[in-house]
1. Could you list which residues have their amide H under 5 Å from that of residue 114, counting only those 5 or more apart in sequence or on another chain, with H placed in the peptide plane?
2. Check cross-link reach from residue 44 to the aspartates and glutamates: straight Cα distance under 16 Å, and skip same-chain residues fewer than eight apart.
3. Normalising by the residue count of the range 616-678, find the relative contact order in percent from Cα pairs under 8 Å and 6+ residues apart.
4. Kirkwood hydrodynamic radius, the range 22-154, all distinct C-alpha pairs: what's the number in Å?
5. Apply the a/c threshold of 1.5 to the C-alpha gyration tensor of the range 391-537 and tell me whether it is rounded, prolate or oblate.
6. For the range 472-631, report the translational diffusion coefficient in µm²/s to the nearest whole number, using Stokes-Einstein at 10 °C, 1.306 mPa s, and a Kirkwood Rh over Cα pairs.
7. Give the long-range amide H neighbours of residue 27: residues separated by 5 or more places, or on another chain, with amide H under 5 Å away, using H modelled in the peptide plane at 1.01 Å from N.
8. Which parts of the range 643-678 would a label at residue 636 reach, counting a residue when its backbone N lies under 12 Å from a point 7 Å out along Cα-to-Cβ?
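The values are calculated or read from the model by the stated rules, or taken from the named source; none is laboratory data. The structure presented is a predicted model; accordingly, all values stated were derived computationally and were not measured. Note: ideal-geometry Cβ built from the backbone for every residue, glycine included; neighbour counts use all protein chains shown. The area values use the complete protein model at the heavy-atom level, side chains included, leaving out ligands, DNA and RNA. Shrake-Rupley method; radii C 1.70, N 1.55, O 1.52, S 1.80 Å.
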Amino acid sequence: MDERVAAAVDAPTRSSGAALRVRLLGRFSIWRGEQALTLPSSRKLPALFAYLALAPRALGRSQLCELLWEAPNDPRGELRGCLSKIRRAIDIPGRRSVVTQDDTVRLDLEHCVVDGIEIVRALGEGLETLMPARKRALVGLFAGEFLEGLQLADSPAFDCWLTAQRRRFRSAQAALLEQLSQGADDDAAAGYLEQWLQLTPFDVRAHETLLQRLAGQGRVQDGQAHLAATTPLFEAEGLDAAPLHDAWRAGLAGSHPAAAGREPALVTVQDAQDRLEALVIAPRQRASLAVMPFVDQSTPPRQRGGLADALAYDLTTRLAKLRSMFVIAQGSVFALHARGIGPEEAGRMLNVDYVVSGAVQRNGAGLSVGVELIETRTAHVLWSEMLHPTLDDTFQMLEEIGNRIVASIAGEIETLERNRAILRPPMSLSAWESHHRGLWHMYRFTAADNAEARHFFETAMRLDPGFARAHAGLSFTYFQEAFQNWGPRAAAVEGAYRAASQSLVVDDRDPAAHWAMGRALWLRGESETAIVELEQSISLSPNFSLAHYMLAFVQAQAGDPAVAIAAADRSRSLSPFDPLLFATLAARAMALARLGRYEDAAEWAVKAAARPNAHVHIHAIAACSLALAGRLDQARAQTAVLRRQAPGYAMSDFFAAFQFDAIGIERFRGGAQLLGMR
């Protein structure tokens, strides 16, 4: 039996003890025990099997007919014939593999080990969480490319899907080889590293890993020979080989300081002139991302300049405006795309952390837009979504899609970076990682975590004084100290303003810097100027949800409550799972209470108080709003929660924290009086 097919038996899978093994990675084949089954000579059978096997749900017969049979006389008859062949191949006594219901079809493959399904499951779990033995078994499943040798010239939609799947599995294989090459013993790691380089010959990280390994082993001549062979290959592809030379020097400096200053044998005079001084690999500063050109499935394959390109360009511009990540320029990604390089491979060649890719297709007056955010090094799909706008107003449609996608991408990356930073030892954190460690503590909204957040923001500033977001984060901690009464208010207000000012000095184009200044100015009682700063933050980045939230917060207390409600709704739509969602909901509730819409205010305040990180002021808003709505029992329940969190809490604390106008003070004081709160 083939070794790679046998590996599926040894791999720890959820289908252990299966009667059949199916290979999709390589030439399509089915094995029963030690015997490879003889299959009908049909190109549509493996295509249909693979499509159904990897589908997350049952598929309609019409969809399958359109996918695989462009214009036969009897497409449904062709489909029935193909399904019958699948049944004969993989049915076992007492179990039907082809399950039909109404007009849908799905495959029940619990009695099979399917190599492609095992890889997809592993990607869903997260490759980095798997034990080394399982990673090795998964690598053994790759006997070739996905459905090797299969082509359906008469089925363009299937060919698009097939190309995407081949890229997906190739990326998964590279991610597995990368992890195994770094986590195994030297001999085993060398073998995985060699496979990794063969699979992705222009992956900068693979060459860096090899060069650092050679330097660590003292194999200076081998390292120089690898540089001499690799540099012209990179240059021929229009890629920068400088990171390879930097990695070699850094490896020598760490392992053999005496050899570190020795210039390796370089290939061109210009290359030698560019590298007169030894360099070290820079620490990770910001998350990096590339937005690949979207595929327009409604136009000829190589036709460019339409709606798909406009959407990719719009996303690149919007993400760059956030200034929280490094975004690769469009010229580079379009050049790689023009050479037929897929998103995942392009991400590795560009050495970015994340890749955004997608496709658009017109459906009459409507449009379907599919988007994926992929972590390059693990091939893990972090976020995906299908959007179905109408084409009544193309510019408005681009605006809405752009808002939704950019906010989701930024939120997912921010969350992942925070979670990654919290797992790193504090002494090993870069400025970027220290910043995200600070964010993790900051969003826990306790005095102790606020102090920890301040420590990490100050560390980030020390490591990189030009990191504007670290200064903005520090300002947030001072804001929290003043707003929550965790320390002397005057000093905290001054600290918030000073840190926000420094953030603006460092980068006055960063929306977070203007957001921090808006908060600081509000603390100082300068609401009108605060609104100007917050509006500037939104102008710089219309997708920056926190600026919309803070605008709602300020307007809800003494400004225009209608503007506050609109800003709160905008913030929620941009970031529906934001750590500050409780505050956004509370701002909406305050605005509704000022308008005298007490029942609506109570509903939104209850939602705010139900959030896991809601603090005492939020419960006070909920208690007063419920009382104003006549729901006294619920109001008392919120008061009880408030008392448990802060036994000495009084309405004087509430009004000291907020800056209501006369109407707001009257409303909330009236609610407190109904509850007997002072």
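1. Amide H neighbours of residue 114: 22.
2. Within the straight-line cut-off, residue 44 pairs with 66, 70, 74, 78, 148, 154, 159.
3. 45 percent
4. Roughly 16.0 Å, rounded to one decimal.
5. It is oblate, given that a/c is not under 1.5 and a/b is not larger than b/c.
6. For the chosen part, D equals 102 µm²/s.
7. Those lying under 5 Å, H to H, from residue 27 are 148.
8. Taking a point 7 Å out along Cα→Cβ of residue 636, the residues of the range 643-678 whose backbone N falls under 12 Å are 675-676.
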